[in-house]
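The values are calculated or read from the model by the stated rules, or taken from the named source; none is laboratory data. Model, not experiment: these values are computed from the prediction. FYI the Cβ positions are ideal-geometry reconstructions off the backbone, even for glycines, and counts take in every protein chain you see. To get the accessible areas, we keep the full protein, side chains included, count just its heavy atoms, and leave off ligands, DNA and RNA. Shrake-Rupley method; radii C 1.70, N 1.55, O 1.52, S 1.80 Å.
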Amino acid sequence: MSEESTFTLDGRKVPFRDGQTIMAAALAAGVYIPHLCFNPEFPPHGSCRVCLVKVNGRMQASCTAPAMAGQVVQSETEEIREIRRGILQMLFVEGNHVCPACEKSGACQLQAVAYYVGMLAPHYTHFYPRRPVDASHPDALLDFNRCILCELCVRASRDVDGKNVFAVQGRGIKAHLVVNTPSGKLGATDFSLSDKAAQVCPTGTILSKHSGYEIPIGQRLYDRKPINVVGDVAALAVSKGGRRHD
Amino acid sequence: MIESKLKVATCSLCGCFGCHMSLLDLDERLFDLAEKIEFDRSPLTDIKELGECDIGIIEGGIANVENVHTLLEFRARCKVLIAMGACAISGGVPAMRNQYELKDCLEESYTRGTGLVDAQIPNDPEIPLLLDQVHPIHEVVKIDYFLPGCPPSADAIWTFVSQLLAGQPITLPYTQIHYD
Ligand code: SF4
Ligand code: FES
């Protein structure tokens, strides 16, 4: 490996290809950087900011920052962990993330990243927004309370499934996920559980019906091992506790 | 040597007593704990008046006026105050009622239920007034430590209490940090 094509990440040399982001190069080298809106199968979105790292002394989102030769990147420092915790805490109070009452608990990426950064409590004042639940689809349930606006379902439905079922509407604190039908109901779309969009949500917003609690709480993906060891729930096969259909 | 035992008070506000059950799950470790601490006001002792305490452990969020008074009293009398469990930390399952108007919740339970005779919303002066929303306790008083879980496992409680009593920083192993 020539000197030109590596950067250092927490002191470790990471090789990269031209055009690769810091996140993509780290992932390829087997180094975990916490992330929520990033999924290696999609172009980066850069919205959740959980992946932020210090590049040559400056904070940047590693999922959008291009890797460059000789960069000095810091990720696992107490300063960055603290900022990541703060971002997670804001995500938790902005929605209604009632883990004890959520079917996704234990296999939820939002929860797993919060565990990883050592979040013990949400710290801020809860918004308790009033958001609906859409149970109109025969096979899928949409619980908007848990949406963190990562737009992975939007991207998957539009770019992979070619269905364009989801969209984000409104701006700032009013931004929210909608279903692209006049009624706004998932049941009125051709959404199906075999869609890519059904497999990418990092939270418990999009759930399949008729299969709740098949794996008991306590035996789920992130119950025993942290996300940096097991990986993203969306990248793992259903047989391995993930949600990717083979 | 610890000369006098540390005084510990506990209470359940808007919780289900699950956290207290988990505390009892310490089983024989309770004997070790009893060497170091003495319970003051707690559902385990049935002492009604809260004395000056070293540690206060709160289960549950605040859902009514009495919860708020109890919480303020705990803060005033306890040197260290701990939020234990999902409800104390984020409102938990009871806070799911925040999705609805309080009036709708009461009507749904007391006037629209099945098999009700002379249906009415209870209004006895002895019943503490409900707050319009359920809130976690850190939104009302300063909390010194948070122990998540629904409930936190006995092992998590043990790690936490042991480190706290030893004056060490709290570091829970991965498997003991849970929000569910
Ligand atoms: S529903 Fe899930 S995948 Fe879609 S934007 Fe919300 S959190 Fe992201
Ligand atoms: S993973 Fe980079 S901003 Fe969300």
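Here are a few things to note about the model shown:
- Ellipticity estimate at 222 nm from DSSP helix runs (n ≥ 4, -39,500 (n - 2.57)) divided over chain B, nearest 500: -8500 deg cm²/dmol
- FRET efficiency for A:GLU82 and A:SER192, using Cβ-Cβ distance with R0 set to 45 Å, rounded to 0.05: 0.60
- Sparsely packed loop sites in segment A:139-192 (the trypsin sites (Lys or Arg not before Pro) outside DSSP H, G, I, E and B with at most 13 other Cβ atoms within 10 Å) comprise A:ARG171.
- Label-point separation, A:VAL229 to B:ASN64 (7 Å along Cα→Cβ), nm: 4.4
- The relative contact order of segment A:81-240 comes to 28 percent, based on Cα pairs under 8 Å that sit 6 or more residues apart.
- Label-zone membership for segment B:48-65, site B:LEU130, 7 angstrom Cα→C-beta point, backbone N under 20 Å: B:60-65
- Apportionment of accessible area to carbon and sulfur, segment A:3-76, percent (1.4 Å): 52
- For the segment B:89-99, counting C-beta atoms of other chains within 10 Å of every residue's C-beta and taking the mean gives 5.
- Descending by average beta-carbon neighbour count within 10 Å, the peptides A:31-42, A:9-20 line up as A:31-42, A:9-20, the highest first.
- Stretchable slack from A:LYS240 to A:LYS13, in nm (0.36 nm times residue separation minus alpha-carbon distance): 78.6 nm
- For the residue pairs A:LYS104/A:LYS209; B:LYS36/B:LYS79; A:LYS185/A:LYS240; A:LYS174/B:LYS103; B:LYS103/B:LYS142; A:LYS163/A:LYS185, the alpha carbons lie more than 22 Å apart in A:LYS185/A:LYS240; A:LYS174/B:LYS103; B:LYS103/B:LYS142.
- Chain B: most fluctuating residue of B:LYS36, B:LYS103, B:LYS79 per GNM, C-alpha cutoff 10 Å: B:LYS103
- Segment A:175-210 residues near the modelled A:ALA135 label - backbone nitrogen below 17 Å, point 7 Å along Cα→Cβ: A:185-188, A:205-210
- Each of A:MET90, A:MET68 has its accessible area taken with a 1.4 Å probe; listed largest first, they run A:MET68, A:MET90.
- For segment A:115-174 versus segment B:55-126, the spacing of their alpha-carbon centroids is 28 Å.
- Summed over all non-identical Cα pairs, the Kirkwood treatment of segment A:3-76 gives a radius of 11.9 Å.
- Two-decimal Rg to Rh for the protein assembly as shown - Kirkwood Rh, Cα set: 1.01
- Excluding ligands, DNA and RNA and using a 1.4 Å probe, chains A and B jointly bury around 2300 Å² of accessible surface, summed across both partners.
- Taking the longest Cα principal axis of chain A as reference, the axis of helix A:78-94 is set at about 10 degrees.
- With the simple model of a label 7 Å out from the Cα in the direction of the Cβ, A:ARG58 to A:ALA167 spans 3.5 nm.
- Computed label-point distance, nm, for sites A:GLU214 and B:LEU26 using a 7 Å Cα→Cβ extension: 4.1
- Residues whose amide H lies under 5 Å from that of A:ALA67, counting only those 5 or more places away or on a different chain, are A:GLN20, A:THR21, A:ILE22; hydrogens are built 1.01 Å from N in the peptide plane.
- Over segment A:147-234 - Rg/Rh using Cα atoms and the Kirkwood inverse-distance radius: 1.01
- Rg/Rh for chain A, where both radii come from Cα atoms and Rh is the Kirkwood radius: 0.97
- Rounded accessible area per residue of segment A:13-136, 1.4 Å, Å²: 40
- Residue by residue along A:114-121, Cβ atoms of other protein chains within 10 Å of the local Cβ number 5 on average.
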